[in-house]
Amino acid sequence: MKNIGVVESSEKNIVCFITEERIARGSFVFYNDSELNRKILCRIKESETIEKIPTEFLTASFESREAAKRVGFDLEDIGKFRVHAKIVGYFDEELNEFINPKVSPISGTPVFEADSSILSQINKKKDGYDNSATIGKIINSDTKVVLDVSDIVSTHLSVLASTGSGKSYTIGVLLEEMLKAKNGASAVVLDPHGEYRTLADIMDKQKLNETGVLEDFTYSDGTLPRVEVFDDEDIKVKVNDLTFNELVSIIDDGNMSSKMRYYLRKTYNNVRGKEFTKEELLDEVMGLENEEGEKLIKSPQHSSSIEGIKWRYSKNILNKKFFQNYTKLNLDELYQPRKISVLDLSDIGELDQQLIASVLLRKTFKARKKTVKNQVKSNEQGLPYPVFTVIEEGHRFTPASGEAKSKNILKKVLSEGRKFGVGVCLVSQRPSKLDSDALSQCMTQITMRLINPVDQNHVKESLESFSKELVDMLPGLSTGEALISGSAINTAVSANIREKITRHGGAGIDDPSSLWKADLEDEEPDIEKTEVEEDNQTDLFS
Amino acid sequence: MYIGKINRIFDYDKWLVRAADKEEARDVPIGSFIRVNDSAIGAIVGHIQDVPDDYLANEITGETSKNIFINELGEENAFFKVLGIGELNSENYKIKAPPRLKQEVYLLEDEDIREFHKREGEFSFEYYSDIIDFEKIEPEIIVKILDQLEKAFRDSDETKKLIDALKKHTRRIK
Ligand SMILES: Nc1ncnc2c1ncn2[C@@H]1O[C@H](COP(=O)(O)OP(=O)(O)OP(=O)(O)O)[C@@H](O)[C@H]1O
Ligand SMILES: [Mg+2]
């Protein structure tokens, strides 16, 4: 137990203490409450120097500290800090949560560095246990940060940060944890940038062995996790899976008349609930001509409506490869225990991506709901275990303003999914463009460096647990540092995310000039390179 | 240069020196450093002139000429207020005991000023914070002391820079 300072004063939930240590924002200290006989955990909010060297001495023309000392300034306090820390509370083992002591420490109370025994109370789960995800360490400590996977899967997760701060990397780490033998999760990643394919490294036994983690990933039956990547060749929408509204949204080019809608509805009702192909749907449309024969002859308007549907349907669905009569994306294929399915959407347009998400989420939700309620009929598909779906670029799928084909179902899953074990991870680099209801349903938050004040504000307003104190920490985080808050952890904590085992697929371009000049290499040898080669040669012959 | 004798002790570090020559006394700048015999060092922080009480009383009761110039009467005294700072050849800038009455007081030569303000071969003005913290004298008087120091260290650019910074700092306190 290292004594690092003494309480000067305290007010409301904030303790102010004096220390000579430089303590990082977001790290933890504690004091003993003698009446309660408890250790009270506090999170560092900010720290300031007590005294300063007079401004006139802060000049490059002489060594300021030395000069100030020579003219008699008392430098003792210059190395001291006044630190403000927010009281988190003491951990109540029975309630399993931190309880605020409601009384403040008196001036003179010693303050200690929080050691691992107290820091580990921040975790709801123990490292290595079932349903745990150890994604990093608490900053400035060796204590691991362990998330509760049950919370993440049932009450959703948001991962928000400015671009390049480490969102995808962190999710990679989380997915690795979820695949470990302790969890064996079933998850799907909607991957608009095709950066999650490298997760497949997890199937490389040799690599796992070399990294010393083979055991962590070997299930009791001796098998390893599976990662399957689906790309645009595999990602098709089965016309049979579309709802009427989706069908309309696909074929409506903005000037579909209400008559056309009426006829399309009629057609759709005829096939509803049955298995049908995209050709059969067209047949149904043509069938209308016979059905309504007489009316059509009398009124050319009606007949042109049907022609209109036929034309639009052929153009937008029938003749598009994206719409098929089969799909590889069956739930029992995508969602399997101990498997992650990566849908590489990088070659698919944004609207079609939304459609995929919509169809997938709807089917998943329905299947889980029926399974949980024991209503799966013999000809239907159930989904007998909870599933987790990562949605990158979340603002495209549930935007704050404007529509997206996936918005309704995604919001439904977010608000009701917990009952049925349909967990969603919403990822975004522009939180302010993300629907705030959707965001507020993500009960666990991993928030990384976030610079834009509009985004910071949106986060603060959408998430009630997100105090100003936490928001203030966001711009100061470095890449790979995250603020984790919400239900999967006992109190908000800053963490350094651990290194990934699999390669990271989302890296930017490091060395553009070498790529631009790649074709010059033969004609104009790089001087440095030749030298290296010469060195090698001398090495060889000496 | 001899300037007078200790005339009164107000406190361990506050002394009054009666000027030997009241005319010359006018030319001794405020802020000048003095020594008492060969030990205590101080700085002149004030200048007093007065007329002996009984003499003044006569004048006042005479009622006719209230605006008599003290100088013209040839009966005034001149005094220096001195702030004790330290002792020659001592480790720190402290007054152990006040000087005795009637002890002789001399202006400190530049060389001695420099010597007094050296610690481990470097310029030192360590007693500055004591003066400020305990508000012993007004900042404007401190600036005058610094003027004298500057004069004594006119050949050392580095020290002059430091003194200059200190002057600016002192002005800001005001
Ligand atoms: N925990 C970490 N440890 C080491 N490096 C990291 C870590 N997190 C992120 N990085 C590095 O930062 C880079 C950017 O991370 P990442 O691709 O996850 O950012 P992002 O937030 O997903 O960005 P974008 O919004 O552009 O998708 C990565 O290439 C990786 O090298
Ligand atoms: Mg990313």
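The values are calculated or read from the model by the stated rules, or taken from the named source; none is laboratory data. The shown structure was predicted, so the numbers you read here are calculated from the model rather than taken from an experiment. Positions of Cβ are generated from backbone atoms using ideal geometry, with glycine treated the same way; all protein chains shown enter the neighbour counts.
Points worth noting:
- Residue that is in contact with an Asp or Glu (Cβ under 8 Å, 6 or more places away or on another chain) and either under 30 Å from A:Leu345 (Cβ atoms) or not charged (D, E, K, R) (or both), where the choices are A:Leu214, A:Leu190, A:Leu242: A:Leu190
- Segments classed as helices (runs of 4 or more DSSP H), wholly inside region A:360-470, with at least 2 members that are more than 26 Å from A:Val145 (Cα to Cα) and within 16 Å of ligand 2 (Cβ to nearest atom): A:394-397
- Restricting attention to region A:49-64, the residues that are assigned to a helix (DSSP H, G or I) and not aromatic (Phe, Trp, Tyr) total 3.
- All of B:Asp164, B:Asp157, B:Asp130, B:Asp110 fail the test of being at pLDDT 85 or above and away from chain A (no Cβ under 14 Å), apart from B:Asp110.
- Single residue of region B:126-174 satisfying the filter (buried (at least 17 other Cβ atoms within 10 Å of the Cβ) and among the polar types (S, T, N, Q)) that is farthest from B:His47 (Cα to Cα): B:Thr159
- Selection within region A:198-211 - under 18 Å from A:Gln336 (Cβ atoms) and out of contact with any Ser or Thr (no Cβ under 7 Å at 6 or more places or on another chain): A:Ala200, A:Met203
The rows are residues; the columns are (1) surrounded by 13 or more Cβ atoms within 10 Å (Cβ to Cβ); (2) assigned to a strand (DSSP E or B); (3) more than 13 Å from chain B (Cβ to nearest Cβ); (4) in contact (Cβ under 8 Å) with a residue 12 or more places away in the chain.
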| site | (1), (2), (3), (4) |
| --- | --- |
| A:Lys39 | yes, yes, yes, yes |
| A:Ser47 | yes, yes, yes, yes |
| A:Glu66 | no, no, no, no |
| A:Lys69 | yes, no, no, no |
| A:Gly72 | yes, no, no, no |
| A:Ile87 | yes, yes, yes, yes |
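- Boolean, B:Ile141 is of a type in the set (Val, Ile, Thr), out of contact with any Gly (no Cβ under 6 Å at 6 or more places or on another chain), within 9 Å of chain A (Cβ to nearest Cβ) and closer than 23 Å to B:Glu109 by Cβ: no
- Single unsatisfied condition, A:Asp435 versus (1) over 16 Å from A:His156 (Cα atoms); (2) of a type outside the set (S, T, N, Q); (3) buried (at least 21 other Cβ atoms within 10 Å of the Cβ): (1)
Quick grid of which residues meet (1) outside the structural domain of A:Ile409 (by TED's automatic domain parsing); (2) among the charged types (D, E, K, R); (3) crowded, with 17+ Cβ neighbours inside 10 Å:
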residue	(1), (2), (3)
A:Phe230	no, no, yes
A:Thr243	yes, no, no
A:Leu247	yes, no, yes
A:Ile250	yes, no, yes
A:Ser258	yes, no, no
A:Tyr262	yes, no, no
A:Glu275	yes, yes, no
A:Glu284	yes, yes, yes
A:Ile306	yes, no, yes
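- For region A:163-177, the candidate set comprises residues that are more than 6 Å from ligand 1 (Cβ to nearest atom) and within 12 Å of A:Ile501 (Cα to Cα); within that set, the residue that is nearest to the other protein chains (Cβ to nearest Cβ) is A:Thr170.
- In region A:2-14, the residues that are out of contact with any Phe, Trp or Tyr (no Cβ under 7 Å at 6 or more places or on another chain) and of a type outside the set (S, T, N, Q): A:Glu11, A:Lys12, A:Ile14
- Scanning region A:3-37 for residues that are in a loop (DSSP other than H, G, I, E, B), within 18 Å of A:Val493 (Cα to Cα) and not hydroxyl-bearing (Ser, Thr, Tyr) yields A:Asn13, A:Ile23, A:Ala24, A:Arg25, A:Gly26.
- B:Phe123 vs. criteria surrounded by fewer than 20 Cβ atoms within 10 Å (Cβ to Cβ), away from chain A (no Cβ under 12 Å) and within 18 Å of A:Ala67 (Cβ to Cβ): no
- The set of residues in region A:136-161 being within 16 Å of ligand 2 (Cβ to nearest atom) and either modelled with pLDDT under 95 or among the aliphatic types (A, V, I, L, M) (or both) consists of A:Leu157, A:Val159, A:Leu160, A:Ala161.
- Among the helices (runs of 4 or more DSSP H) confined to region A:275-331, the ones with at least 1 residues that are modelled with pLDDT of 85 or more and over 14 Å from A:Leu242 (Cβ atoms) are located at A:278-291, A:300-313.
- Pick from region A:468-527, criterion basic (Lys, Arg) and within 16 Å of ligand 1 (Cβ to nearest atom), ranking: modelled with the lowest pLDDT: A:Arg503
- The residues on offer are A:Val145, A:Val149, and the sole one that is within 16 Å of ligand 1 (Cβ to nearest atom) and in the same structural domain as A:Phe397 (by TED's automatic domain parsing) is A:Val145.
- A:Asp115 vs. criteria acidic (Asp, Glu) and more than 16 Å from ligand 1 (Cβ to nearest atom): yes
- Taken over region A:192-212, residues that are within 16 Å of ligand 1 (Cβ to nearest atom), over 20 Å from the mean Cα position of the chain (by Cα) and surrounded by fewer than 16 Cβ atoms within 10 Å (Cβ to Cβ) amount to 1.
- Residue within region A:115-129 that is closer than 27 Å to A:His458 by Cα, among the aliphatic types (A, V, I, L, M), more than 16 Å from ligand 2 (Cβ to nearest atom) and buried (at least 19 other Cβ atoms within 10 Å of the Cβ) present: yes
- Candidates A:Val153, A:Val111, A:Val103 - the one that is among the aliphatic types (A, V, I, L, M) and closer than 20 Å to A:Thr444 by Cβ: A:Val153
Residue-wise test of (1) outside the structural domain of A:Asn140 (by TED's automatic domain parsing); (2) over 24 Å from A:Lys137 (Cβ atoms); (3) in contact (Cβ under 8 Å) with a residue 40 or more places away in the chain.
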{"site": "A:Met443", "(1), (2), (3)": "no, no, yes"}
{"site": "A:Ile446", "(1), (2), (3)": "no, no, yes"}
{"site": "A:Pro475", "(1), (2), (3)": "yes, no, no"}
{"site": "A:Thr479", "(1), (2), (3)": "yes, no, yes"}
{"site": "A:Ala482", "(1), (2), (3)": "yes, no, yes"}
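- Contact annotation: residue pairs with Cβ atoms under 7 Å, 6 or more positions apart or on different chains, pairing a residue in region A:183-202 that is touching a residue at least 60 places away in the same chain (Cβ under 8 Å) with a partner that is basic (Lys, Arg) and part of a helix (DSSP H, G or I), are A:Asp201/A:Lys207.
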